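Student: Can you keep this structure in mind? I'll have questions shortly.
The values are calculated or read from the model by the stated rules, or taken from the named source; none is laboratory data. Not measured: the values here are computed from a predicted model. When we count neighbours, we look across all protein chains shown, and the Cβ atoms used for this are built from the backbone with ideal geometry, even at glycine. Calculation scope for accessible area: heavy atoms of the full protein, side chains included, ligands and nucleic acids excluded. Shrake-Rupley method; radii C 1.70, N 1.55, O 1.52, S 1.80 Å.
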Amino acid sequence: MAREEDRKDISVIHDSGPSSHSCGYCGNPIGFHSHGMHAKNLTVYDYQDLLDGGWRRSGTYLYKPDLSKMCCPTYTIRLDVNKFTPSKAQKKVARRLERFLAGDGTAPKSAAKKKRGKEDNNGATQTPAILSIQTAISEAFRLVADEHQFQTQGSPPLSTVKPLNAKQLKLAPKGTEYTSSCPFALFAFLKKNESTHTKLPPNPITLAEILASKFNSSSSSSSSDFVAHAEKGHLNFSSKDAAIQGRVRNNVSTSSDFNVSQTTSTNSPDEQPGSEMEVSMERQDLEIRMAPSSLIEEEYQLYKKYQMAVHGDASWECSQNQYVRFLVSSPLTTVSKEDDPSAPECGYGAFHMQYRVGGKLIAVGVVDVLPRCLSSKYLFWDPDFASWSLGRVSALKEIEWIQEASKLSPELKYYYMGYYIHSCPKMKYKGEYSPSELMCPVGYQWVVLTDSVRKQLEESKFTVLSELPGVKMERNRSYVDEGEEVDLDNQLVSLTAGCVRWGYLKERVKEGSKSVIDSVEESIRAWRLVCGAKGMDIGYCV
């Protein structure tokens, strides 16, 4: 029969055609050129082939960059995990994480060398945790001032929230991480604005107790990971889940007489949050779970926290609808191991790789598990764990996952990291996982990323990799080259009632519709030139 069955294992797409927009890597207003399509349904087998042809998905939208026109060419990159040789730096990341989890007293120190966030007037780094605490203090003081009708002309002095240094940590109650002497400055501020109609707290110690109470009950603190404690006029802040944060100490003093003002208040560079400091803690396990892609409130809240703290997004830019479109929605048809015995235990499809420590969600890797690869799409993590180098940790863990899966699914042995952009420093790190391969955008062959290939990319952003002398190549799937005749009659097209071959449908089109037929064939031909021969069996909506 000419008519195809209306089965779930047939991919169906809506072609969007070519488009141009601003480049997210260099800011060129019209630097990104691609061909796009929306997938109504997409089998994991078809998507694997499209991935090998340079396509990539964002939600249900698929796009293939036109490297010859782009300001920042994007080369598809992959790694054969069975050939992977970790570098010294990658081994160091793994060792540091393991030591930290093992509780031998060493915490990652990357945050000390590479400051994150803005600096205050005293040169202290304002990390997302510190900023959230300062915001909650400001809210608490406003509530106290309104409730007691304090006169607050001018801006109240909210002194810096500082992390405890190593000496302070040894004396601090269990879980204390930050401190602030702001009650002293605020008391002086209120005293200066005092009137006969207001009754001030008798001293900074009482004011600190009032502020701590308001801090812990205010709306700004409800989403914070910290609670406040008043100690002799100071506000000390401890984690709600101190053991997870890596500040738990065995056999420390829990005396209520502790006062951070008794210790040195100046941090050395090696004593910043995330630096390598003496921390005694129980063993913590890093648990990784592969969960089918779905809207989970816990994940969404972590995504929102990450986007706002790390990328500076406004709250309205991190709406739930935007999150779902970007990282939850998927056109992929899930395939279980029962459906395909060659699949891994979780099956094929779209997944969220959850990273937990002590039950706390600290990171989520958005991935696709396909017949020949795990494709890494996006990672978001808890900014409070910035010193853990979770980007590198997740890459190593995803590689480990593939290595384990390939024992039962030998074809599943590649790690796809998206696009390698040699001209963008933030995207060049993907080439550090050796021996990576780049796909030639013209010859559709995999070329090993060597120093000579890097040198050529330095000289010319767009390079026909398969034509470089002496490169090591692996044959990729065949794709239709420009100028080659496309078999249009055998193209599968999608109608409301199902899928048929174009030749079958064309014979039944009413006479006088030649212009419509020509227009459809022109669109199919342009799509097939970027989609390849595999596109013939994908339902093209007409």
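Student: Please enumerate the residues belonging to the range 314-333 that are farther than 29 Å from N41 by Cβ and open to solvent by 40 Å² or more (accessible area, probe 1.4 Å). Even if it seems obvious, please write down each step before you answer.
Tutor: Taking the range 314-333 first, the residues farther than 29 Å from N41 by Cβ are 314-317.
Result: S315, W316, E317.
Student: Looking at (1) outside any helix (DSSP H, G or I); (2) crowded, with 17+ Cβ neighbours inside 10 Å; (3) more than 40 Å from the chain's Cα centre (by Cα), which is the only condition L505 fails?
Tutor: The one condition L505 does not meet is (1).
Student: Let me ask something else about it. So which residues in the range 43-62 are among the aliphatic types (A, V, I, L, M) and more than 22 Å from the chain's Cα centre (by Cα), if there are any at all?
Tutor: Across the range 43-62, the qualifying residues are V44, L50.
Student: Taking the stated definitions as given, is S387 of a type outside the set (A, V, I, L, M) and open to solvent by 10 Å² or more (accessible area, probe 1.4 Å)? Give the steps one after another, and end with the answer.
Tutor: Values: of a type outside the set (A, V, I, L, M): yes; open to solvent by 10 Å² or more (accessible area, probe 1.4 Å): yes.
So S387 passes the test.
Student: Follow-up question, since we're still on this one. Working only within the range 335-352, note down all residues that are farther than 17 Å from Y414 by Cα and within 18 Å of the chain's Cα centre (by Cα).
Tutor: The answer is H352, and nothing else.
Student: Also, quick follow-up: How about the range 402-450: which of its residues are part of a strand (DSSP E or B) and on the phi > 0 side of the Ramachandran plot?
Tutor: G418
Student: Okay, next question. Quick one: in the range 73-97, which of the residues that are assigned to a loop (DSSP other than H, G, I, E, B) and over 21 Å from the mean Cα position of the chain (by Cα) is surrounded by the fewest Cβ atoms within 10 Å (Cβ to Cβ)?
Tutor: Looking only at the range 73-97, we keep the residues that are assigned to a loop (DSSP other than H, G, I, E, B), and these are 73-74, 84-87.
From what's left, over 21 Å from the mean Cα position of the chain (by Cα): 73, 84-87.
Values: P73: 22, F84: 18, T85: 8, P86: 15, S87: 11.
If we take residues in the range 73-97 being assigned to a loop (DSSP other than H, G, I, E, B) and over 21 Å from the mean Cα position of the chain (by Cα), then T85 is surrounded by the fewest Cβ atoms within 10 Å (Cβ to Cβ).
Student: Being closer than 29 Å to Q320 by Cβ and open to solvent by 10 Å² or more (accessible area, probe 1.4 Å) is the filter here, so list the residues in the range 44-63 that pass it.
Tutor: Of the range 44-63, the ones closer than 29 Å to Q320 by Cβ are 44, 47, 50-51, 55-63.
If the condition is that a residue be closer than 29 Å to Q320 by Cβ and open to solvent by 10 Å² or more (accessible area, probe 1.4 Å), then R56, R57, S58, T60, Y61, Y63 are the ones that fit.
Student: Turning to a different aspect of this structure: Under the condition of being part of a loop (DSSP other than H, G, I, E, B), modelled with pLDDT under 85 and not aliphatic (A, V, I, L, M), which residue from the range 1-19 is surrounded by the most Cβ atoms within 10 Å (Cβ to Cβ)? Give the steps one after another, and end with the answer.
Tutor: Going through the range 1-19, the residues part of a loop (DSSP other than H, G, I, E, B) turn out to be 1-2, 4-11.
If we keep only those that are modelled with pLDDT under 85 as well, we get 1-2, 4-9.
Add one more test, that the residue is not aliphatic (A, V, I, L, M), and what stays is 4-9.
Working: E4: 17, E5: 10, D6: 13, R7: 10, K8: 9, D9: 13.
Filtering first and then ranking leaves E4.
Student: Scan the range 483-515 for residues that are modelled with pLDDT of 80 or more and among the acidic types (D, E) and jot them down.
Tutor: Correct list: D487, D489, E507.
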